[in-house]
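A short worksheet on the structure shown next.
The values are calculated or read from the model by the stated rules, or taken from the named source; none is laboratory data. Treat the numbers as computed from the prediction; the structure is a model and nothing was measured. Methodologically, a virtual Cβ is constructed for each residue, glycine included, from the backbone with ideal geometry; neighbour enumeration extends over all protein chains shown. Quick note on the areas: whole protein, heavy atoms, side chains included, nothing else; ligands and nucleic acids left out. Shrake-Rupley method; radii C 1.70, N 1.55, O 1.52, S 1.80 Å.
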Amino acid sequence: MLSVLSATLLATAVSVAANPYPVNVCVSRKQEDAGDYCRRVLKAWAAWDRDQDSTRRDNKIAGAASDLGAGWAKAEAQSSTAGVDCSDTTSLASRMASQIDSATGAIVAAVNAGLDLADHSDACCGSTLLQAAARKCARLLGAESEFVRDLARDAHGTRRDAARRRISENFIEAFNHQRRIGCPTATTGSGLESLVDDLVAAVVINTTVSPNVSSDTFTAISATGTTQYLGKSLTPICMNGTPYEFFVKRGSVNKLLVYYQGGGACWDSLTCSFPTCDNSVNDGDNPAHATSGFADQSDPRNPFRDWNVVFVSYCSCDVHFGDAAQDYPPHVEHRGYENSRIVEKWAREHFVNPEHIFVTGSSAGAYGAWFNAPLHEMVWPASEFQVLADAGNGVITQDFLQNDFSHWDFEKNIPPTIPGVLESITEGTGIVGYTKAVTSFFPETRWAHYATAFDGGSGGQTGFYNIMLNGNNPLAALTWWNGSCAFNAKMRAQVQEISAGVPSNYRYYIGTGSRHTMWGSDKVYNDTTGGVPLLVDWVNAMLDGTPAWTNVEANDEGLLLAGDPRPPTIPTPPFSNVGSDVKVICSGGSPSGAFVE
């Protein structure tokens, strides 16, 4: 459970009872209206059981449908005034009415099975049961409406679940009473209740998971102009001034994967003048082109294959959290924070209350996940969260943290309600201090770092660390292997210190070799080199919170696998030939857990 301090601060940060987020208000009103429509339709059928007046029944249902349409239009208009297009969040009112009509038809058929409506007592029984179903439907959707309006107020769903139990108990008692006085309906209490519950669940899904997002492939969402969100004016843009866009896809379950794309970084005139980062978005960034690893949603082994996906494109060169314009030269727009908030705004307006949210990203995107996840938790407070940084361990020099990190201007958007986060920058504790702060503040969230032991290549973690070790000279990325041992030692020390400080909800995985990132690689399904578990099994354990989610470090972590980055000639210290293998052997002995000759 959340600590008292965390719960208090989180509630303060995310919920102002007098002013909940407009899309939640809109959805809440629509759910309440849908509940009223369900009630009125079932009551119209209840009256029909007694008098078989079809014209009267149909007129009542038509009137209810008209009121549903008017109510939803009013909710959308009010939401639009507040800056949110709630019409795109839910199905059309007419489609919702048809859906409820179909479901109520099944309820009526179930109740009337076994009844002779020409018999007064049978007709009264059918009418009474339909009225009980009407009350249950309306009250359940009322409970959902209250819940979704202000998710932070009942983040664990305790009040909603208690209401559900009371409603169920009252319904079953009403059904059993009819049975006791001789009602001959062929349905059962549990069977009838399931029909109502299924109706309500369908309404909830189609008002909280937008049916207007394509489930066939990823759709590009263009983000231009200035948008108001949470009291800020946001103008999304790429580093070089080109337009920003991101990609989305609807799944078949109410779970959301938020993936932050990688693509390097730059922070001064030298690094921003060389091609050290991705500075635009185009079709080449579209995740629909992915064909391997967790990025391939067609693979039946992929635990995220059925999830809704929001792909946060990267073009700001500031690990998705900068918020500054710099004239180094060149002129650079570090607007990763604004781009990320625009994506978050769209996502929360189309996936209102996911049961589960997995925030991840690779390389620069790993930091995007790490820094933006706390902000996502504050806008989706009732969702279960996990956060995985793929090849972004925060191995930097103290000089970079003190003199260059500020060029991205992280500090102004760091959430002040999380103790220790700002201090990780101002007091120089870096990723270790930051991670201890967020993992402690969100103790119900599972957090994890993944990297190979010698994460290499000019765009890998050793490449950027070697740039920092060499006075921010981007040419040092070309000889990235010179930073391999220093990276390994610091990376391992950091994850071990974090794990020792936050043993309950943080884990790390250090794989064999020098590959940079794993998300889009089939190694997630087949690599056990060095005695490590399959990454897919480890991620599934993380999702489920099982004991199999443990700290992992390969036994032979200096061994390079096929395709792993390596210097152009071998041997080039610390890369050496060992028989038919290439291994990283650090001078003075390998780090603990790595290969030792």
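Find the residue count for segment 81-101, including only residues that are farther than 19 Å from Asn353 by Cα and acidic (Asp, Glu).
So the count comes out to 1.
Among the residues in segment 258-269, are any surrounded by fewer than 17 Cβ atoms within 10 Å (Cβ to Cβ) and either out of contact with any helix residue (DSSP H, G or I) (no Cβ under 9 Å at 6 or more places or on another chain) or more than 21 Å from Leu375 (Cα to Cα) (or both)? Walk me through how you get there before you give the answer.
From segment 258-269, those surrounded by fewer than 17 Cβ atoms within 10 Å (Cβ to Cβ) are 268-269; that's our starting set.
Going one step further and asking which of them are either out of contact with any helix residue (DSSP H, G or I) (no Cβ under 9 Å at 6 or more places or on another chain) or more than 21 Å from Leu375 (Cα to Cα) (or both), we end up with 268-269.
Looking through segment 258-269, at least one residue is surrounded by fewer than 17 Cβ atoms within 10 Å (Cβ to Cβ) and either out of contact with any helix residue (DSSP H, G or I) (no Cβ under 9 Å at 6 or more places or on another chain) or more than 21 Å from Leu375 (Cα to Cα) (or both).
Among the numbered criteria (1) assigned to a helix (DSSP H, G or I); (2) in contact with a strand residue (DSSP E or B) (Cβ under 6 Å, 6 or more places away or on another chain); (3) more than 27 Å from Met491 (Cα to Cα), which one does Val332 miss?
For Val332, the failing item is (1).
To keep it simple, each residue is scored yes or no on (1) in contact with a helix residue (DSSP H, G or I) (Cβ under 7 Å, 6 or more places away or on another chain); (2) at pLDDT 50 or above; (3) closer than 17 Å to Ala133 by Cα.
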site	(1), (2), (3)
Ser6	yes, no, no
Leu9	no, no, no
Val14	yes, no, no
Val25	yes, yes, no
Ser28	yes, yes, no
Gly35	yes, yes, yes
Arg39	yes, yes, yes
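Out of the residues in segment 170-229 meeting the condition of being of a type in the set (Ser, Thr, Tyr) and under 20 Å from Ser98 (Cα atoms), tell me which one is surrounded by the fewest Cβ atoms within 10 Å (Cβ to Cβ).
Taking segment 170-229 and keeping what is of a type in the set (Ser, Thr, Tyr), we get 185, 187-188, 190, 194, 207-208, 210, 214-215, 217, 219, 222, 224, 226-227, 229.
Restricting the remaining residues to those that are under 20 Å from Ser98 (Cα atoms) gives 194, 207-208, 210.
Working: Ser194: 12, Thr207: 29, Thr208: 22, Ser210: 20.
Once the filter is applied, the top-ranked residue is Ser194.
Considering every residue within segment 540-558, establish whether at least one is open to solvent by less than 10 Å² (accessible area, probe 1.4 Å), part of a loop (DSSP other than H, G, I, E, B), over 22 Å from Phe442 (Cβ atoms) and among the acidic types (Asp, Glu).
yes
Restricting to segment 410-459, what's the tally of residues that are open to solvent by 30 Å² or more (accessible area, probe 1.4 Å), in contact (Cβ under 8 Å) with a residue 12 or more places away in the chain, under 25 Å from the mean Cα position of the chain (by Cα) and farther than 27 Å from Leu534 by Cα?
Result for segment 410-459: 5.
With respect to the numbered conditions (1) surrounded by 13 or more Cβ atoms within 10 Å (Cβ to Cβ); (2) more than 30 Å from the chain's Cα centre (by Cα); (3) not hydroxyl-bearing (Ser, Thr, Tyr), which one is the sole condition not fulfilled by His120?
(1)
Condition check: assigned to a helix (DSSP H, G or I), touching a residue at least 24 places away in the same chain (Cβ under 8 Å), of a type in the set (Val, Ile, Thr) and open to solvent by 10 Å² or more (accessible area, probe 1.4 Å). Does Ile107 satisfy that? Full working, then the answer.
Working: assigned to a helix (DSSP H, G or I): yes; touching a residue at least 24 places away in the same chain (Cβ under 8 Å): yes; of a type in the set (Val, Ile, Thr): yes; open to solvent by 10 Å² or more (accessible area, probe 1.4 Å): no.
It is false that Ile107 is assigned to a helix (DSSP H, G or I), touching a residue at least 24 places away in the same chain (Cβ under 8 Å), of a type in the set (Val, Ile, Thr) and open to solvent by 10 Å² or more (accessible area, probe 1.4 Å).
For Asp390, only one of the following conditions fails: (1) touching a Lys or Arg at 6+ places or on another chain (Cβ under 9 Å); (2) buried (at least 24 other Cβ atoms within 10 Å of the Cβ). What is its number?
Among (1) touching a Lys or Arg at 6+ places or on another chain (Cβ under 9 Å); (2) buried (at least 24 other Cβ atoms within 10 Å of the Cβ), Asp390 violates only (1).
Taking the condition of being assigned to a loop (DSSP other than H, G, I, E, B), out of contact with any Gly (no Cβ under 9 Å at 6 or more places or on another chain) and more than 19 Å from Gln31 (Cβ to Cβ), how many residues in segment 147-191 meet it? Steps first, answer last, please.
Initial filter on segment 147-191 (assigned to a loop (DSSP other than H, G, I, E, B)): 150, 155-157, 181-188.
This time we only want the ones that are out of contact with any Gly (no Cβ under 9 Å at 6 or more places or on another chain), so: 150, 155-157, 181-182, 188.
Add one more test, that the residue is more than 19 Å from Gln31 (Cβ to Cβ), and what stays is 156, 181-182, 188.
Matching residues across segment 147-191 total 4.
Would you confirm, using the coordinates I've provided, whether Val387 is among the β-branched types (Val, Ile, Thr), under 24 Å from Lys345 (Cβ atoms) and under 19 Å from the mean Cα position of the chain (by Cα)? Spell out the reasoning first.
Numbers: among the β-branched types (Val, Ile, Thr): yes; under 24 Å from Lys345 (Cβ atoms): yes; under 19 Å from the mean Cα position of the chain (by Cα): yes.
So Val387 passes the test.
Among the candidates Cys277, Cys272, which residue alone is open to solvent by less than 40 Å² (accessible area, probe 1.4 Å), of a type in the set (A, V, I, L, M, F, W, C) and either more than 30 Å from Ile467 (Cβ to Cβ) or touching an Asp or Glu at 6+ places or on another chain (Cβ under 9 Å) (or both)? Explain how you work it out, then say what you get.
Details: Cys272 fails: either more than 30 Å from Ile467 (Cβ to Cβ) or touching an Asp or Glu at 6+ places or on another chain (Cβ under 9 Å) (or both).
None of the others qualify; the one that does is Cys277.
Is there a residue in segment 194-213 that is in contact with a strand residue (DSSP E or B) (Cβ under 8 Å, 6 or more places away or on another chain), assigned to a loop (DSSP other than H, G, I, E, B) and of a type outside the set (S, T, N, Q)? Before you say what the answer is, go through the steps one by one.
Step one: filter segment 194-213 for residues in contact with a strand residue (DSSP E or B) (Cβ under 8 Å, 6 or more places away or on another chain), giving 208-210, 213.
Then keep just the ones that are assigned to a loop (DSSP other than H, G, I, E, B); that gives 210, 213.
Imposing the further condition that a residue be of a type outside the set (S, T, N, Q) reduces the set to 213.
Taking every residue of segment 194-213 in turn, at least one turns out to be in contact with a strand residue (DSSP E or B) (Cβ under 8 Å, 6 or more places away or on another chain), assigned to a loop (DSSP other than H, G, I, E, B) and of a type outside the set (S, T, N, Q).
Looking at segment 152-159, is at least one residue more than 30 Å from Ile342 (Cβ to Cβ) and crowded, with 22+ Cβ neighbours inside 10 Å? Break it down stepwise before answering.
Here is the first cut: in segment 152-159, the ones more than 30 Å from Ile342 (Cβ to Cβ) are 158-159.
Within this subset, residues satisfying the condition of being crowded, with 22+ Cβ neighbours inside 10 Å are none.
No: zero hits.
Against the conditions (1) in contact with a helix residue (DSSP H, G or I) (Cβ under 7 Å, 6 or more places away or on another chain); (2) assigned to a helix (DSSP H, G or I), where does Gly63 fall short? Just the number, please.
If we test Gly63 against (1) in contact with a helix residue (DSSP H, G or I) (Cβ under 7 Å, 6 or more places away or on another chain); (2) assigned to a helix (DSSP H, G or I), just (1) comes out false.
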